[in-house]
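Read through the structure below, which is laid out as structure tokens, and then see the notes.
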Amino acid sequence: MKIDVLYFAWIRERIGEPRESIDTGATTIRGLVEQLINSDERYAAALSDLNSYRVAADQELVNFDHKLENVRELAFFPPMTGG
Amino acid sequence: MLIRIQQDPFALADLLDGFGDGAGAVVTFSGLVRDDTGEMTALELEHYPGMTEKAVSRIAMQAQARWNLVDLAIVHRFGRLNVGEQIMAVATAARHRAEAFEAAEYLMDYLKSRAPFWKREIGADGPGAWVEAKTSDEDALSRWD
């Protein structure tokens, strides 16, 4: 299964790309994060501390146990600082 | 209801032209780029196109329903904004002032922690630190539970 994955702010900087298509067999976001962290140290530097960032599935904030089934777009980003 | 996510500057007065017809109270809030360190020349605001509009619309609709607002406006900018420039504004119109004030505070609390924007400080030497979210901003949401 291929999923579009987007990165914002310092997560984007650590990974070095704003977006990419990831092929995964993971069933949850947590599983995908583990796959990425094990694949390259850039992901380990950006995504190891689950408390330091947030995740959105198809543009809705979700938690890391969210199922990947039917998800087209995932985004990882730091806590928001709007306003 | 007016919601705009844009790069360009805007005038608060333009938002208020014809705003809140029939209301008893209009509250407006403007957020400006502030230099806390004495070394900042601008802020760079990144956002998540698509999700930003959805998240801000949802926050607006929640406020509208909760206080039965007569009118509501939100403008939020992105891109490079110099110190002193207006980043964003909210306006609320209600029958009574308590509702208008409360709704404006609610909008600001949720925009701070639930709208996908990220700020980075720009100094004379270029991009600096990302502005970190404050735990107090997240805590502020609990008062609306």
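The numbers here are math on the coordinates, done by the rules we state, and not lab data. This one's a predicted model, so the numbers in the text were calculated from it and none came from an experiment. Methodologically, a virtual Cβ is constructed for each residue, glycine included, from the backbone with ideal geometry; neighbour enumeration extends over all protein chains shown.
Brief remarks follow.
- Fewest-first ranking of A:PHE64, B:PHE19, using other Cβ atoms within 10 Å as the exposure measure: A:PHE64, B:PHE19
- Cβ-derived FRET efficiency at R0 35 Å, A:SER39 paired with A:GLU60, nearest 0.05: 0.85
- Alpha carbon convex hull of the stretch B:27-103, projected area averaged over orientations, nm²: 5.7 nm²
- Sorted largest first, extent of chain B alpha carbons per principal axis (Å): 50, 33, 29
- According to the Cα-based calculation, Rg over Rh for the stretch A:10-52 is 0.94, with Rh computed by the Kirkwood formula.
- Relative contact order (percent, whole number), the stretch B:1-143, Cα cutoff 8 Å, 6+ residue spacing: 33 percent
- Note on the stretch A:6-83: Rg/Rh from C-alpha atoms, Kirkwood Rh, equals 0.92.
- Among A:MET80, A:MET1, sorting on how many other beta-carbon atoms sit within 10 Å of each Cβ, with the fewest leading, yields A:MET1, A:MET80.
- Low-density loop positions, GluC sites (Glu not before Pro), the stretch B:58-145 - DSSP coil, at most 16 other Cβ in 10 Å: B:GLU85, B:GLU132
- Kirkwood hydrodynamic radius over Cα pairs of the stretch B:45-87, then Stokes diffusion coefficient at 4 °C and 1.567 mPa s, in µm²/s: 107 µm²/s
- The stretch B:61-86 versus the stretch A:1-22: alpha-carbon centroid distance in Å: 28 Å
- Those residues of the stretch B:52-87 whose amide nitrogen sits under 17 Å from the label point placed on B:GLN6, 7 Å along Cα→Cβ: B:53, B:57, B:72-82, B:85-87
- Here the stretch B:42-56 is scanned for amide nitrogen atoms under 19 Å from the site 7 Å beyond the Cα of B:ASN82 along Cα-to-Cβ, giving B:42-45.
- Among B:ASP14, B:ASP145, A:ASP4, the order by Cβ neighbours within 10 angstrom, fewest to most, reads B:ASP145, B:ASP14, A:ASP4.
- Computed from the C-alpha gyration tensor, the three semi-axes of the ellipsoid equivalent to the stretch B:72-118 are 23, 12, 8 Å, from longest to shortest.
- Cross-link partners of B:LYS54 among aspartates and glutamates (Cα-Cα below 18 Å; sequence separation of 8 or more within a chain): A:ASP58, A:GLU60, A:GLU73, B:GLU46, B:ASP109
- Computing Rg and the Kirkwood Rh from the Cα coordinates of the protein assembly as shown gives a ratio, Rg/Rh, of 1.01.
- Residues of type lysines that B:LYS134 reaches as a straight line, Cα spacing below 21 Å, ignoring anything fewer than 8 places off in the same chain: B:LYS112, B:LYS119
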